[in-house]
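Comments concern the structure below.
The values are calculated or read from the model by the stated rules, or taken from the named source; none is laboratory data. Model, not experiment: these values are computed from the prediction. These accessible areas exclude ligands, DNA and RNA; they are computed on the full protein's heavy atoms, side chains included. Shrake-Rupley method; radii C 1.70, N 1.55, O 1.52, S 1.80 Å.
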Amino acid sequence: MALIDPAFAPTLNADEVADAFETPFAFLMDAANHRLEERQWRGRTRKFYAMPYGERYIWGVTAGILRNLYERLFT
């Protein structure tokens, strides 16, 4: 189990992210919420994980890291 100090305030890098939000860990670790999507980019098909959450869309490296964590914990 991990605990986060309620006073913790992340410092965001505007070059990397627009904002930060909380997502229940149980949602992130439920494979039913993991979608493997694909898009065309520079003439090639690219596959990536996505985890839509309400109005939010977790994707790319972030979703890949979360998927990797899920696989290490539950498969």
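For the chain, modelled as a GNM with alpha-carbon contacts under 10 angstrom, which of Ala32, Ala18, Ala50 fluctuates the most?
Ala18
If each residue of separation counts as 0.36 nm, what is the full-extension length gain between Thr45 and Glu22 once their alpha-carbon separation is subtracted? Kindly include the intermediate steps, with their values, before the conclusion.
Working: separation 23, 0.36 × 23 = 8.28 nm, distance 3.07 nm.
Working it through step by step, the gained length comes to 5.2 nm.
Would you kindly state how much longer the chain becomes between Arg56 and Phe74 on full extension, computed as 0.36 nm times their sequence separation minus their alpha carbon distance, in nm to one decimal? Mind dumping the intermediate values first?
Numbers: separation 18, 0.36 × 18 = 6.48 nm, distance 2.45 nm.
That works out to 4.0 nm of additional length.
Below 8 Å, C-alpha to C-alpha, sequence gap of six or more: please give me the relative contact order for segment 15-62 in percent.
Numbers: 40 pairs, mean separation 11.4, N = 48.
That works out to 24 percent.
On average, how much accessible surface per residue is there in the chain, in Å², for a 1.4 Å probe, leaving out ligands, DNA and RNA?
Values: 6490 Å² over 75 residues.
On a per-residue basis, 87 Å².
Evaluate the Debye formula for the chain with equal point scatterers sitting on the alpha carbons, no solvent, and hand back log10 of I(q)/I(0) at q = 0.19, 0.21, 0.27 Å⁻¹, in q order, two decimals.
Each listed q maps to, in turn, -0.97, -1.11, -1.34.
On the protein heavy atoms, probe 1.4 angstrom, tell me the percent of accessible surface of the chain carried by carbon and sulfur. Don't jump to the answer; show the numbers that get you there.
Details: 3510 of 6490 Å².
Carbon with sulfur: 54 percent of the solvent-accessible area.
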